[in-house]
Amino acid sequence: MTEKTSRASGEEAVRDPGPVGAPVILSNESGSFAWGVLAKRHPALIQQVRDAFPYGRRQHEALDALRDEITNGVVEPLAPAEHDHVRWAVWGQEHFGRSWYDAPFLWAESYFYRRLLAAIEYFGTGPWQGVDPFAPFKQAELRGEAVEEELRALDVLADASAEERATALLRASLWGNRADLGFRVSAGELAIGDAAASTLVADDSALLWQLLPAGASSTVAVVADNAGRELIPDLILIDHLLEQRHAERVVLHVKPYPYYVSDAMTADVVDCLRRLTEAPGEAGRIGGRLWKAMAAGSLEVRTHPFFCAPLPYEGMPEDLRGEFESATLTILKGDLNYRRLVGDQLWDATAPFTDLTAYFPGAVAALRTLKSDVIVGLEKGTLEALERSRAAWRTSGTHALIQVRR
């Protein structure tokens, strides 16, 4: 195992433990999922960002240059004037001057979003400083009818038992943009039982609740993934943890700046809380409780530069390690957090989740819909059945998992 360290702008060194045990996922296999992200998704996203804002000529030229670079050129370093130039110079020293497709997929994706922010001058001193290029997409989702319907369903869920609510809200947080499945209650039975449980490739939810008994003064860390229709169910689950005394305190970790299109920042938390508080019925009551919880300190929002680093969690800095170590349970949401938790590598799908997360400081739970090739911790029979289906179950978002290591 190798170890690299960097120090920039007075920040603590961040370790990259390097790949070990399985091939690192690259993007150089034509037709693969990773190749499709770099070759198709990223150029399309550049165009969407261009169309969403009236950027000037300088931003348009920089976006065009980035598109040409990722499709036909080699990886270029950040400009020396960028505030984190030194840090990325260390992280990218093995990849600069080479094809984007030959860099590790996790690194290439992360660096693409950092370069996109540089192109639109997000960290500059001009008028576009701090303007989230993905805000229009997030806001449109929050205003959509789907969110309205999901929030109305909370009125029915309020009459269910605490156990039924716990199951429904955990599944809602898991499924993210399919969250409406998680809010359904019909004739006393959770409709999600058949609709989504059958597509869970691993389900350690019972162990998750065992780790959070009511009244145990627990602290829960939740590392968010997406904003909008995923963050709202996350916040509603947090309210349930606090209201039912599964947690005395919850720390919600979000990104420090725009990342991966829909990833949640503090501004997105505020937008979702406002969306809840303005809603009628149970949704509004939940929003009001969460608003008060933030004022009282039982719900706290934090962020850290490492959440936008192209490194696995095994390389987390000591201050963040201390945060997770002090939590009763850390819940990592989403596909990117899962890739960083177990390593973005071509593991045997039956490799034990507990072994690959043994380094993590404290109990950890992964709630993830499957949208990339990485998967571990499956039972052999489950894997064989999935492979026989010939479906794109690893990457299509049709399957999900809840995995826990105590």
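What follows draws every value from the coordinates through simple rules; no lab data is involved. Bear in mind the structure is a predicted one, so any value in this text is a computation, not a measurement. Note that each Cβ is placed from the backbone with ideal geometry, even for glycine, and that neighbours are counted across all protein chains shown.
Ordering Gly334, Tyr257, Leu346 by Cα displacement along the dipole of the chain toward the positive end leaves Tyr257 in first place; charges were set at the Cβ atoms of Lys, Arg (+1) and Asp, Glu (-1).
Rounded, prolate or oblate, given the Cα gyration tensor of the stretch 314-358, with a/c below 1.5 counting as rounded? Verdict is prolate for the stretch 314-358.
Placing +1 on the Cβ of every Lys and Arg and -1 on the Cβ of every Asp and Glu, with no other charges, gives the chain a dipole of roughly 240 debye about its Cα centre. With K and R counted +1 and D and E -1, the other residues having a Cβ less than 10 Å from that of Arg165 yield a net charge of -4. Of the residues Phe307, Ala392, Ala247, the one whose Cα sits farthest towards the positive end of the charge dipole of the stretch 139-405 is Phe307 (charges of +1 on Lys and Arg Cβ, -1 on Asp and Glu Cβ, taken about the Cα centre).
Taking every DSSP beta bridge that has both residues in the stretch 139-405, what percent is antiparallel when rounded to the nearest 5? Show your work: numbers first, answer last.
Details: 9 of 31 bridges.
Rounded to the nearest five, the antiparallel share is 30 percent.
Relative contact order for the chain: 17 percent, from Cα pairs under 8 Å spaced at least 6 residues apart, divided by residue count. Rounded, prolate or oblate: which fits the stretch 294-334 when a ≥ b ≥ c are the square roots of the eigenvalues of the alpha-carbon gyration tensor, with rounded for a/c under 1.5 and prolate only if a/b beats b/c? Taking the square roots of the gyration eigenvalues as a ≥ b ≥ c, the stretch 294-334 is prolate.
Against the chain, whose longest principal axis is taken from its Cα atoms, helix 231-243 shows a tilt of about 40°. Against the chain, whose longest principal axis is taken from its Cα atoms, helix 266-277 shows a tilt of about 30°. What is the log10 of I(q)/I(0) for the stretch 33-133, computed with the Debye formula using one identical point scatterer on each Cα and no solvent, at q = 0.10, 0.11, 0.17, 0.19 Å⁻¹? Per q value, in the given order, log10 I(q)/I(0) is -0.25, -0.31, -0.76, -0.95. For the charge dipole of the chain, defined by +1 on Lys and Arg C-beta atoms and -1 on Asp and Glu C-beta atoms about the Cα centroid, which residue among Val24, Leu45, Gly287 has the Cα displaced farthest towards the positive pole? Farthest along the dipole direction, towards plus: Leu45.
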